[in-house]
Amino acid sequence: MRGPDKDRAMERFAQGETRLLVATTVIEVGVDVPEASVMVIEHAERFGLAQLHQLRGRIGRGAERSTCILLYKAPLGPTAKARLAILRETDDGFRIAEEDLKLRGEGDVLGTRQSGEPGFRIAQIGVHSKLLTIARDDATLVLSRDPKLQSPRGAALVNLLYLFARDEAIGLLRAG
């Protein structure tokens, strides 16, 4: 559908003139129709936890009880099975985010990968999150005082990045 047609269809749905809306995942953000109370998600096994949680969040905003039906194609792999189980167990966004982190991995903090093992040689996000927060705050402080890492401490940090084979971060740091 063209933009104006989509807008009019959404407007009719929001006003209750249309009782059924068939949509793509484009509706996952920004749609607020309190009367919407039932959602069917086809091929739920293909979506990540965050996206499923966002989609489910489009319903149940009004006084009516809501139901989200997840359709999937069997057999499910272990990750898809775990995602759907978590979604059945909770609607707590923080818990869903934690479980998603456990399932997907945190990715590469200094790179572009958005999931998988981060490649830390020592730290583990789940175990060392408080220390990593302190390290991030310290790195922010160092960079605010020495953006080009030219002080003795900055040079030591550059050496550590090279020692841990994270030297691609130097270019990213300099880019801002």
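Annotations for the structure displayed:
- Applying 1/(1 + (r/R0)^6) with R0 = 45 Å to the Cβ-Cβ distance of His43 and Thr140 gives a FRET efficiency near 0.65.
- Pairwise FRET efficiency - Ala50 versus Thr90, Cβ, R0 = 22 Å, nearest 0.05: 0.95
- Largest first, the three principal axis extents of the alpha carbons in the range 9-95 are 41, 24, 20 Å in whole numbers.
- Potential extension, Lys81-Ala9 segment - 0.36 nm per residue separation minus Cα distance: 22.5 nm
Values quoted throughout were computed directly from the atomic coordinates according to the rules given, and no laboratory measurement underlies them. Note that the structure is a prediction, hence the values are computed from the model and not measured. Neighbour counts run over all protein chains shown; Cβ positions are idealised from the backbone, glycine included.
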